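Scroll down for the structure; my scribbles are underneath it.
FYI, it's all coordinate maths here, none of it is from the lab. None of these values were measured; they are calculated from a predicted model. As a convention, Cβ positions derive from the backbone with ideal geometry for all residues, glycine included, and neighbour counts pool all protein chains shown.
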Amino acid sequence: MTSLTKMDSLIVDLDGVLWRGPEMLPGVNEFFDHVNRSGMKLLLASNNSTARPDAVRDRLKDAGVELPVEAILTSALATAAYLTRSLPPGATLLMIGEDGLEHALTQSGFNLVDGAESAQAVVVGMDRSVTYDKLAEATLAIRNGAAFVGTNPDRTFPTPRGLVPGNGSLLAALQAATDQAPIIVGKPERRYFELALEKLGSRAETTLMLGDRLDTDIQGAQNAGLNTCLVLTGVTDRATLAQSSLKPTWVFSGLMELTAALDEAHHA
């Protein structure tokens, strides 16, 4: 097995790894203290498109962790980057999503519209206030020929009460209504990991993806040639892991156990 000592860069998921809903998970401060001491490169990479990077930075700052906003890559930012390369400047988009996605798209120069008729693409991120009318307009736009783009495929989202519908559930509804599969930008797509490695300036073989989902974090990272670490504080539990043919490079109960292993590896 590859040694943890060979890892010089980290790509770290947020929901289910650093926090669950409004609750910070145990060991967050100790984990970041180790990363700072070790000099490892770090990028926070989340499929959650709802929050702006500055809101993620501020939430961590409130927990005692200082990080520059440039160290945060959300699926909203990755989606805006993808659309910038695939659509003309100022293209009109019909968006289902929240503040994080809206900010990323408008900052990239796109025009957001409410009606189906003028939309060149439908862009769908997690939207906790989604309405039937929004879904209807998106359906009409896609059936009229608009591109169908999803920030991420996560069918569920971890909260303190349990798993609730994620963006993948919204995409499934639109796919059922349009007979069109969405283009996915976030994890597990290779384009997301290539963008993350580019931002880090790191090599896949010495980069560790830390996440809580087999189907996005682990599968996508392995497909992109990264080493993987699963923590069992989010979506994937031990029973699911045991039944899966997909095996991470390392598995830890949570950040505290991972940090202890990193400390031991770097002092060996």
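Summary table
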item: Percent antiparallel among DSSP beta bridges (both partners in the range 79-184, rounded to 5); result: 25
item: Simple Cβ-charge dipole of the range 131-207, Lys/Arg +1 and Asp/Glu -1, about Cα centre, in debye nearest 20; result: 160
item: Mean separation of Cα contacts under 8 Å (6+ apart) over length of the range 79-184, as relative contact order %; result: 23
item: Ascending count of other beta-carbon atoms within 10 Å, so fewest first, for Asp215, Asp99, Asp15; result: Asp99, Asp215, Asp15
item: Length gained when the stretch Ala239-Asn223 is fully extended (0.36 nm per residue, less Cα-Cα span); result: 3.5 nm
item: Proximal charge balance of Thr50 [Cβ under 13 Å; K/R count +1, D/E count -1]; result: -3
item: Karplus-derived 3J(HN,Hα), 6.51/-1.76/1.60, for each residue of the range 185-193, Hz, glycine and proline x; result: 9, x, 4, x, 5, 4, 4, 5, 5
item: Selected from Val113, Gly150, Leu94, residue furthest toward positive end of dipole (the range 79-184; charges at beta carbon); result: Gly150
item: Förster radius 25 Å - calculated FRET efficiency between Arg37 and Glu198 (Cβ-Cβ, nearest 0.05); result: 0.45
item: Backbone HN-Hα couplings from phi across the range 141-154 [Karplus 6.51/-1.76/1.60, Hz, Gly and Pro as x]; result: 5, 5, 5, 7, x, 5, 5, 10, 10, x, 5, 6, x, 4
item: Amide proton proximity set for Ala91, modelled H, under 5 Å, gap of 5+; result: Asn111
item: Listed residues Ala138, Ala239, Ala55, most fluctuating in the chain (Gaussian network, C-alpha, under 10 Å); result: Ala239
item: Glu205-Thr2 pseudo-label distance in nm [points 7 Å out on the Cα-to-Cβ vector]; result: 1.0
item: Among Ser86, Ser245, Ser49, residue whose mean-square fluctuation peaks in a GNM of the chain (springs only between Cα atoms under 10 Å); result: Ser245
item: Order of Asp217, Asp13, Asp237 under a 10 Å beta carbon neighbour criterion, fewest first; result: Asp237, Asp13, Asp217
item: Of Val113, Val149, Val235, the one that fluctuates the most in a GNM where the chain has Cα springs shorter than 10 Å; result: Val113
item: Size of electric dipole in the chain: Cβ of Lys, Arg +1 and of Asp, Glu -1, about Cα centre, debye, nearest 20; result: 460
item: Signed unit charges on C-beta, dipole axis of the chain, positive-most listed residue Val69, Val12, Val185; result: Val185
item: Amide H partners (placed H, <5 Å) of Ala51, local residues excluded; result: Gly100
item: HN-Hα J in Hz across the range 43-48 - Karplus 6.51, -1.76, 1.60, θ = phi - 60°, x for Gly and Pro; result: 9, 7, 10, 10, 6, 6
item: Per-residue [θ]222 nm for the chain (sum of -39500 (n - 2.57) over DSSP H runs n ≥ 4, rounded to 500); result: -11000 deg cm²/dmol
item: Lys/Arg +1, Asp/Glu -1 at C-beta; the chain dipole; positive extreme among Ala81, Ser129, Met24; result: Ala81
item: Beta bridge orientation in the chain: antiparallel %, DSSP, nearest 5; result: 15
item: Label point at Asp179 placed 7 Å out along Cα→Cβ; residues across the range 132-158 whose backbone nitrogen lies under 12 Å; result: 143
